[in-house]
Amino acid sequence: MAVQLNAPVFNRRLKQVLDAWNNASNESDYSTLADVDAIFLPAGDPNPEDEPIRKGVAFQTWFLGYEFPSTFMLFFKDRICILCSASKAKILSQLKNSGAPVAIDIFVQAKAKDPPTDALSRFLEAYISNTRVGTLTKEARSGKLIDQWTKALDAADKKPALAEIAPAVSSFLAVKDDDELKVVRTAANLTSTLLTYYAVTKLETILDKESKISHEAFAQLIETRLGYGEGDNAKGPDTKVWSKGKGLTDVDWASTEFCYTPIIQSQTTSSGYDLSPAADSSSDDIAHKGVFLMSLGMRYRNYCANVGRSFIVDPSKEQESIYALLLSLQSEMLGKLKDGVVGREVYQHALQYVRDKKPELERHFAKNVGHGIGMEFRDSQYMLSAKNTRKLHAGMVFNLVLGFTDLEHDGKKYALQLVDTVQVSNEKAICLTSGVKSIKDTMFFLNQDDEDDVKSAPAPAKKKAPATKANGNASPAKNKMAGGKVLRNKTRGAAQEEAIQTAAAKIAEHQRELHQRLQGDGLTKYSEGGGGTGRNEGKGWKRFQSYKGEAALPKEAESLRIFVDRKAQTIILPIHGFAVPFHINTIKNVSKNEEGDFTYLRVNFQTPGQLAGKKEDTPFEDPDATFIRSVTYRSADGHRFDTLSKQITDLKKEVNKREQQKKEMADVIEQESLVEMKGRRPTKLPEVFIRPALDGKRLPGEVEIHQNGLRYQSPMGSQKVDILFSNVKHLFFQPCDHELLVIIHIHLKAPIIIGKKKAHDVQFFREASDVQFDETGNRKRKYRYGDEDELELEQQERKRRQMVNKEFRSFSEKIAEAATASTGDTLEPDIPFRELSFEGVPFRTNVRLQPTTECLVHLSDPPFLVVTLADIEIASLERVQFGLKQFDMVLIFRDFTKTPLHINSIPSSQLDDVKQWLDSVDIPLSEGPVNLNWGPIMKTINEDPYEFFQQGGWSFLGGAGGREESDADEMSDSESEFEAEDEQSESSAGEESAYSEDGSDASDDEGSGSDFGSDESEGDDWDELEKKAARADKKQADVRRVNGDESDVDERPKAKSKPKAKANGNAKNKKR
């Protein structure tokens, strides 16, 4: 059965309704039920999506677990009557034999094609048998069943009197049980995460760049974090935002939605400021100064949470004090919201607090301070106003709304709000939403002295690079297409040459189609999403506070001597008789030198214009202010200055290290508990090692398959690693053919902590060779009599490898089956295609890169490389020139905020292999003669992706590969001019795994795909001549190493000191 009702919850809530009804005369919350004979709750057709949930639908969902449109429920004290269709009756019949406290009668309506039944008349008879019926009289309903009911009721001779029971229904829904509170907390975490990690940082970016964007467009940008589009163009939730939230790893995104379109208001809002959740984000452009109001409400599994904040640019002292009053008022109200308090007492307490602190603001204070929230966004029965006499109980959830309206500053009206979702408890309310609340987080200070003179510089125009033709003198593409896969061919006939030219033409045509599709998709995608998603989006004015006041200063400050306060991360410096604290983040470094009898200590501060490198664009609160660059002290006590210099330097290092660790661990998730297999033993793979390696002695352990994940158990059970199936992105099986190891490799969606380091990849492997014995020793030799050529040994080795491959492959398939059964998403083990492999340098060493069905991988040794092909936007082939032995490949991801991946030093003999593979997996590619500096390029694209695609998109790269051959005159640059970059190995520290091991140069691998053809040739072409030269160079290098000469100096002429055509400034010279 598709829909499974929760019978125990239904029975518990039915008993709650019946008990409240029976004791209604003694409880004020349920007094409206005291004199009714029955409770009638009808439901018509579903509400339109843009309308709020009605109380009747909310009660039905709370009571049954699902919404059942066109279903009537009639409660008696000894039974329940339900009128519904046949399909709904089949679902509701689960409740009949579930041990309900009263009998359940289901009246089944006939289907449209079947003859009518007497279900409606029998239900009507049960209804009119009562004298007084309680119902929700103010709710309007519509639908076919409602029309039939109205017609039948009008024809009845007798009608019962109706009583309004909305207060009692609200009481049922108001107090949440533990399961409901858990869902509300998730909704609150979703709301807080969206506010903190996207909405506020986006607002800071808009203010910082003075971006022109309307309130409505900004609200739509926030909405798209839950995904947008339909069908093939659909985009899911923004994991960059949601992964930063707490407890959001297993969110059911299909059950997540906005309660209302986010509300953004500024001083340019034409309708003025409005604190109501019914307000709209206007189409006016957002202001860049003044007061900003932001409200977000999210619904998760039908339960709502809401948050609202105020932000002020260049606030006045009065505005700061009013916002500080809101903060203190909220803290006061949290103490007042507790079990047993009356609603109007809460409001009166808030009003009295404002009257005592700032009496002039009393007339501006809101008419209520919030309302009940749950399945209904706004429950008017629990409005916290001056007229509400209802009591609050522990377990209730309220939207606490504090605000002032019709305030005035510089002749302009404004409002301030502070809104949070809170839970009532026995002692003090718990604030469920959080983030961006303090004054330092909500007040922005801009330098406006030269506002009229300074104009924002226009974005640099994107110049199109001259179209570069394809490499006309690279190796002939010795490839063919067979069965849809690119395979190498080692024949060299004239007929094959013609087939190669045909394949090149097909690639060129296919690439033109891919580039056109890429351009169209880019325009469509970013025209809907609007502006850019720059990587510096989250940057803002970072404030540091050492002490809250003079009273917090340490006692050592009284001596007016330099003091390092490690607890507060502050350096206290005596300046003109005052102890002045400086946070360690304001200090760049310290220097100490001695001159004569005195020692000088110089403290250098962080100031605009001095920083270099990646921190160059770090914003300052007021970069045009006057800054102190350094302070120097002189003392005859050199030993004390030595100590101070060391303390300050150590503290700076410690803080930097802590910030770096925090940044590195930002994307690490905390997995849920592994559900172990019960009733039978789990499937195991014994005698395997794990990478990253665990602490302690290197010993093999075993991998177990459990209900929702894997567990690696080290020997003696001392350590274990759990991997949940829900966090597995890719599963790979790499056989030990041509390899030393047989591998099962798991690439994770989000990194986990193993030991003390984070890991994106977890690998289980076993050595394929039997290396436990000395193969040359006498112990083995005496058993090999008659097998001096070791033929039998080789056969045993082959059998052993086949057995290990079979064992690991079978286990990987069992992992895939278990993961598919657990998550519902299909997972299959991916096997690398060694015949499609090529060599390159993705990190620091030359390795073999192998395509799989979905990825490009290197799994043999760390650091591992796993690139999902679906995430690649375009591949740029660089340094493709005649005479160069190697070229580079840059993979640009669809997520433009990710750093492009550089794979350097791919042999030119494999250029055609790489191009055919990229084309076969529908990845657009381009070719160019030089390296591009991708940092500034991606920064420009991120600033406005839509503008980038409007100006031609990726056409500046020169278009697709596989075009006509170029003239040699156009490629006249010699290899020596690029020699500085020829062996270049670029790798960002963030991409390299922390547990990387030393790897040897893989360019001597005999299995390399760079050896095409045979030595027999009627006439050597360029490629054969280059190979012979390479073999001669290698032979000479080997001779030099044998002779003890380790200088490895090439006898050919040196490269020029400054390559003329170098475009990427990060190249490093290496010995050749």
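Assign one of three labels to the stretch 127-174, namely rounded, prolate or oblate, based on the Cα gyration tensor with a ≥ b ≥ c the square roots of its eigenvalues; rounded applies when a/c is under 1.5, prolate when it is not and a/b is larger than b/c, and oblate otherwise. The shape class here is oblate.
Available extension along the chain between N656 and D406 is 85.4 nm, counting 0.36 nm per residue and deducting the alpha carbon span.
With the cut-off at 1.5 for a/c, could you classify the stretch 294-403 from its C-alpha gyration tensor as rounded, prolate or oblate?
Oblate, because a/c is 1.5 or more while a/b does not exceed b/c.
Per-residue extension of 0.36 nm, minus the Cα-Cα distance of S559 and K244, leaves a gain of 108.9 nm for this segment.
Max-minus-min Cα coordinates of the stretch 622-768 on each principal axis give 75, 38, 37 Å, with the largest extent listed first. In this simple spin-label approximation, D280 and Q713 carry label points 7 Å from Cα along the Cα→Cβ vector, and these lie 6.3 nm apart.
If I stretch the segment between D19 and L791 completely, what's the gain in nm (0.36 nm per residue apart, minus their alpha carbon distance), one decimal?
Taking D19 through L791 to full extension adds about 269.3 nm, to one decimal.
Taking all protein chains as they are arranged and a probe of 1.4 Å, the heavy atoms of H730 leave approximately 10 Å² accessible to solvent. Note on S28 and E139: the model spin-label points, each 7 Å out from Cα along the C-beta direction, lie 2.6 nm apart.
Given R₀ = 60 Å, FRET efficiency for I831-D637 by Cβ-Cβ distance, to 0.05?
0.30
For the stretch 787-852, the square roots a ≥ b ≥ c of the C-alpha gyration tensor eigenvalues yield an a/c of 1.5 or more together with a/b not exceeding b/c, which makes the shape oblate. List the chymotrypsin sites (Phe, Trp or Tyr not before Pro) in the stretch 79-162 that DSSP assigns to loop (not H, G, I, E or B) and whose Cβ has at most 15 other Cβ atoms within 10 Å. Which are they? Here no loop site has a sparse enough neighbourhood. Taking all protein chains as they are arranged and a probe of 1.4 Å, the heavy atoms of L207 leave approximately 10 Å² accessible to solvent.
The simple spin-label model puts a point 7 Å past each Cα toward its Cβ; for R698 and K898 those points are separated by 3.1 nm. Legend: residue pairs K209/K413; K96/K151; K592/K652; K202/K440; K336/K357, Cα-Cα distance threshold 22 Å; pairs beyond threshold, K209/K413; K96/K151. Judged by the mean number of other Cβ atoms found within 10 Å, the most tightly packed of the peptides 657-665, 925-933 leads the ranking 925-933, 657-665. Residues E739, E180, ordered by accessible area of protein heavy atoms at a 1.4 angstrom probe radius and largest first, appear as E739, E180.
Mind scanning K15/K159; K437/K663; K898/K1028; K588/K749; K90/K814 and naming the pairs with a C-alpha gap bigger than 31 Å? In this structure, K898/K1028; K588/K749; K90/K814 exceed 31 Å between Cα atoms. The residues D78, D521, sorted by heavy-atom accessible surface at 1.4 Å with ligands and nucleic acids left out, run D78, D521 from largest to smallest.
So if we plug the beta-carbon distance of L327 and E362 into 1/(1 + (r/R0)^6) with R0 = 30 Å, what FRET efficiency do we get, rounded to 0.05? Using R0 = 30 Å, I get an efficiency of 0.95.
For D179 and Q348, the FRET efficiency from 1/(1 + (r/R0)^6), where r spans their Cβ atoms and R0 equals 41 Å, is about 0.75.
The values are calculated or read from the model by the stated rules, or taken from the named source; none is laboratory data. What you see is a predicted model, and the numbers here were worked out from it, not measured in a lab. Note that each Cβ is placed from the backbone with ideal geometry, even for glycine, and that neighbours are counted across all protein chains shown. Accessible surface areas use protein heavy atoms only, side chains included; no ligands, DNA or RNA. Shrake-Rupley method; radii C 1.70, N 1.55, O 1.52, S 1.80 Å.
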